[in-house]
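S.K.: I am attaching a structure below and will ask some questions about it afterwards.
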Amino acid sequence: MDNWQELLVDLVVIAVFIGGIAQFRTPSGARRGNITAALAFAAALALVVYRNTIAQPWLVGATFVVGAVAGWVIAERITMTRIPALIALQNGAGGGASLLVSLVELGRVSAADDALGIGFALAGMLVGGVALAGSVVAAAKLENRISSRPPQLPTYNLLLVLLLALFGGAAALSLTITGLDQPVALAIAALSTLALGAALALRVGGADMPVLISLLNAFSGLAAAFLGVATGNEMLIAAGAMVGSSGTILTLVMARAMNRNVGSILTGAQLAQPASGAPSAGAEGAPVAQENAAAAPAAAGPPDALRQARGALAGATSVIIVPGYGMALAQAQHEVAALARKLSQAGKLVRFAVHPVAGRMPGHMHVLLAEADVDYDDLYEMDAINDDFATTDVAIVVGASDVVNPAAITVADTPISGMPILRVHEADTVIVCNLDSRPGYSGVPNPLYQDPKSILLFGDAKESVASLIGEHAR
C-alpha cells in the first residue's frame, strides 16, 4: 500500500475515533460513542498487525480476544457504586501499557540511532508509570482498601524530588551502557516512576478523587501520544492527544469548581486548615462521629419530619433535586428518579442540579441518573441553575454535603472556604436525605442542618426517598 493510501486510511480511522468521542455529550450518545471508539481502536490494531511483520500474529489475536472477554465480564459484574474504581483501574491499564512499550523501545534502540524517539519513549515511561501506580492507589482509596486521608509528612516534597532524580539518573545510565546492565537500569527507572505515581496519589484526599481520576486519564492519553511519536504511529498520536487534551481540560474545570488548582491538589495542600472547633477526620477520611453527634440539631422526630416533607412537596410548584455520593452508596438513584416522575406528573417543575465534583469521578451523578432513565435535559450544571434556588419552593438534597455546605461562603479558614457550591440554602424549604449530620470529606460542619427551613430525614437515603414517594425501598 502506498504511503498516501496508508495515510488516508489512518485519517479515516482517526475521524471515526473523533466521531465516537464527539458523541459523549449525552448518556445515550455516550453508549454509541463507546462502541464507535472501540471499533476505531480495533481497526487501528488490525492495521498495526497488517503493516508489521509479526512472527506469531495469532498470539496477538488471541490476546485481543482474552482481553475483550475479560473486559466484558468485569463490566457486567461491576456495580454502579464501584464504577469510579473501575475507571481508575482502566486509566492505570493504559498507563501500564505505555510503560511496557516504552521499556521495549528503549531496550532495542540506541540514542545514537534515534535521539528523538528515545526522548519520547522516556517521557512515555515516566507519565505511563505515574498513571499506572497513581490509578492503583486511587482505586484502592475509592474501594476503602487504604485510607483516603492524605499523609502529612514534612519530607514529602523531598521524596518526590529524589524519585524524579532517580528516574533521570537511571534513564540516562541506561542510554550509556549495554549488556545485562541496561535492563537493570531500565527497571530502576520504571520502578521510580511507579513510586512517584503512588506518592502523588497518596497525597490526594478523598474529596479530590474526581480531579485525580481525570488527571490520571489525561496522563494515560499523554503517555500514549508520546509513544506514538517514539514509534512513528500517527493513530496513536492522535488518539493519545485527544484523550490527554480532553482529560486536561476536564481536570482544570473541576479544579476551578472547587476553587483549587491542580498543583495544590497534587501536593496535598489545603486552602486553609479547618477553623478551631471543626471536627477532625477519621480513619477513612470521614469525620469523627462523636464530635458531630452533639452538633446535630434537635430535629423533629421521623414521623413529624416525614409529614412536614410531604406537605412541603405537596404545596410546591418547583423542586430541585441535588444528588451526591451518598445517593451512589445507598443505590437510591431509582427511587430518586421515581420521586421526580411522581412530582412531574403532579404538574410540578422538577430539575436536577449537579455539582461538577459530586461523586467520586467525573460525571458520576450523570451516569447513575441515566441508569435510572432520568432525562438528560433535566440535569443542570451548577452555573446554569444556581440562581434559580432563590425562587424554588423545595430543594431536596440526596447524599450531598460539601457541595451544598453554606460554610464555604460564610465561614473563613476552612478547607472549603471559597469553593463554589450549589446554593440550596436559598430555597424556601430544604429536605435533606443524608445518612446523618456528619460533615463530608472536608470535615466542615454543615450549617444547613441547623437552618430552620431544613427538614432532616436522616437515615438510609434509599429508604428516605422511598418514604417521600409513599413506598418501601426496593
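The values are calculated or read from the model by the stated rules, or taken from the named source; none is laboratory data. Because the structure is a prediction, the values reported are computed rather than measured. Cβ sites come from the backbone with ideal geometry, for glycine too, and all protein chains shown count toward neighbours.
S.K.: Assuming D413 fulfils every condition listed in (1) more than 25 Å from the chain's Cα centre (by Cα); (2) crowded, with 17+ Cβ neighbours inside 10 Å; (3) not hydroxyl-bearing (S, T, Y) apart from one, which condition is it?
M.R.: Just one mismatch for D413, condition (2).
S.K.: Looking at the structure I just gave you, is A62 over 19 Å from A241 (Cα atoms), out of contact with any Gly (no Cβ under 7 Å at 6 or more places or on another chain) and modelled with pLDDT of 85 or more? Full working, then the answer.
M.R.: Values: over 19 Å from A241 (Cα atoms): yes; out of contact with any Gly (no Cβ under 7 Å at 6 or more places or on another chain): yes; modelled with pLDDT of 85 or more: yes.
For A62, the condition - over 19 Å from A241 (Cα atoms), out of contact with any Gly (no Cβ under 7 Å at 6 or more places or on another chain) and modelled with pLDDT of 85 or more - is met.
S.K.: Next question, about the same structure. Any idea how many residues of segment 328-344 are assigned to a helix (DSSP H, G or I) and closer than 15 Å to S467 by Cβ? Walk me through it before giving the result.
M.R.: Keep residues of segment 328-344 that are assigned to a helix (DSSP H, G or I), which gives 328-330, 333-344.
Going one step further and asking which of them are closer than 15 Å to S467 by Cβ, we end up with 330, 334-336, 338-339, 342-343.
Result for segment 328-344: 8.
S.K.: Pick from D373, D436, D387, D383: which is outside any strand (DSSP E or B), surrounded by fewer than 24 Cβ atoms within 10 Å (Cβ to Cβ), of a type in the set (D, E, K, R) and at pLDDT 90 or above? Spell out how you get there, then give the answer.
M.R.: Details: D373 fails: at pLDDT 90 or above; D436 fails: at pLDDT 90 or above; D383 fails: at pLDDT 90 or above.
Going through D373, D436, D387, D383 in turn, just one is outside any strand (DSSP E or B), surrounded by fewer than 24 Cβ atoms within 10 Å (Cβ to Cβ), of a type in the set (D, E, K, R) and at pLDDT 90 or above: D387.
S.K.: List, please: which pairs have Cβ atoms under 7 Å, are six or more places apart or on different chains, and start with a residue in segment 33-44 that is touching a residue at least 24 places away in the same chain (Cβ under 8 Å) and end with one that is of a type outside the set (S, T, Y) and assigned to a helix (DSSP H, G or I)?
M.R.: Here the result reads A40/V13; A40/V16; A40/F17; A40/G20; A43/V13; A44/V13; A44/M235, each pair linking segment 33-44 to a residue that is of a type outside the set (S, T, Y) and assigned to a helix (DSSP H, G or I).
S.K.: Another question, then. Could you go through segment 79-88 and let me know if any residue there is in contact with a His (Cβ under 7 Å, 6 or more places away or on another chain) and assigned by TED's automatic domain parsing to the domain that holds A190.
M.R.: Filtering segment 79-88 for residues in contact with a His (Cβ under 7 Å, 6 or more places away or on another chain) gives 84.
Restricting the remaining residues to those that are assigned by TED's automatic domain parsing to the domain that holds A190 gives 84.
There is at least one residue in segment 79-88 that is in contact with a His (Cβ under 7 Å, 6 or more places away or on another chain) and assigned by TED's automatic domain parsing to the domain that holds A190.
S.K.: So, V354, is that one over 19 Å from the mean Cα position of the chain (by Cα) and buried (at least 18 other Cβ atoms within 10 Å of the Cβ) or not? Break it down into steps so the answer makes sense when it comes.
M.R.: Working: over 19 Å from the mean Cα position of the chain (by Cα): no; buried (at least 18 other Cβ atoms within 10 Å of the Cβ): yes.
In short, no.
S.K.: Now, a different point. Mind checking which residues of segment 88-147 are under 18 Å from the mean Cα position of the chain (by Cα), polar (S, T, N, Q) and crowded, with 24+ Cβ neighbours inside 10 Å?
M.R.: N91, S135
S.K.: Among the residues in segment 62-83, are any more than 26 Å from the chain's Cα centre (by Cα), surrounded by 13 or more Cβ atoms within 10 Å (Cβ to Cβ), free of Cβ contacts under 8 Å to residues at least 24 places away in the same chain and over 30 Å from D378 (Cβ atoms)?
M.R.: Of the residues in segment 62-83, the ones more than 26 Å from the chain's Cα centre (by Cα) are 62-66.
Of the ones still in play, those that are also surrounded by 13 or more Cβ atoms within 10 Å (Cβ to Cβ) are 64.
Next, from what is left, pick out any that are free of Cβ contacts under 8 Å to residues at least 24 places away in the same chain: 64.
Keeping just the survivors that are over 30 Å from D378 (Cβ atoms) gives 64.
Yes.
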